[in-house]
Amino acid sequence: MGQYLQSTIEKELKGAKVTLTSIPHAQHVARDFAGQFDLNLTGWTTNWLDSADFLSLAQKGNTVNFTNWSDPTFNKLMTTQAGQTGQTRYDTLAKADKYLMKVKGFVPLYQPAESKLVSSKVGGLNYSLLNEAQYQYAYWK
């Protein structure tokens, strides 16, 4: 992903120079929290199926909002949704998402996915929200 961004930025933004730095995870995290970066590729996964978990990454005060980006309109939408339920909450979250993408507070680049090839002879195999196989429920048919 870094090499693709480097190539695209340097091609499309004449005169721009992107230097990639591959470092150990612990050093990467330390730089994240210290704000020592111009561009930063980070990932996020959730353990609960709620778009608020992803959207809150851009909210003021979130510990992993490494850029300290803050927007009063976005923050208000996120604060509002926290007190809502049902369709009203869903609509507010959708509005927050559309707003975030419009102002480019954060830029999602890709969403990872994986395929699982499971024999038809296996039954009861379930996956957690984090897509981890829960083999304790599996059995041979």
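The values are calculated or read from the model by the stated rules, or taken from the named source; none is laboratory data. A quick note: this is a predicted structure, and the numbers were derived from the prediction, not measured. Methodologically, a virtual Cβ is constructed for each residue, glycine included, from the backbone with ideal geometry; neighbour enumeration extends over all protein chains shown. For the accessible areas, the whole protein counts, side chains as well, though only heavy atoms, and no ligand, DNA or RNA atoms are used. Shrake-Rupley method; radii C 1.70, N 1.55, O 1.52, S 1.80 Å.
Things to note:
- Cβ charges +1 (Lys, Arg) and -1 (Asp, Glu), total dipole of segment 81-121, debye: 40 debye
- The 3J(HN,Hα) values that the Karplus relation (6.51, -1.76, 1.60; θ = phi - 60°) gives for segment 128-141 are, in residue order, 6, 4, 8, 6, 8, 5, 9, 5, 4, 9, 7, 8, 7, 6 Hz. Gly and Pro appear as x.
- Cα centroid separation, segment 81-121 to segment 34-79: 13 Å.
- Degrees, to the nearest 10: 86-103 long Cα axis against longest axis of the chain: 40 degrees
- Share of alpha-carbon pairs per 5 Å distance bin for the chain, given as whole %: 2, 7, 13, 14, 15, 14, 12, 10, 7, 4, 1, 0, 0
- Heavy-atom surface of the chain, accessible at 1.4 Å and reported per residue (Å²): 77 Å²
- Ligands, DNA and RNA left out, the accessible area of the chain computed with a 1.4 Å probe is 54% carbon and sulfur.
- The chain, helix-only ellipticity at 222 nm - DSSP H runs n ≥ 4, -39,500 (n - 2.57), divided by all residues, nearest 500: -11500 deg cm²/dmol
- Label-point separation in nm, residue 118 to residue 62, each point 7 Å along Cα→Cβ: 3.1 nm
- Contour excess over end-to-end distance, with Cα ends at residue 49 and residue 127 and 0.36 nm allotted per residue: 26.7 nm
- Axis of helix 2-12 versus longest Cα principal axis of the chain: the two differ by about 40°, to the nearest ten degrees.
- Between 0 and 90°, nearest 10: helix 72-81 axis offset from the chain longest Cα axis: 20 degrees
- Count of Lys pairs (Cα-Cα under 18 Å; at least 8 positions apart or interchain) in segment 50-141: 11
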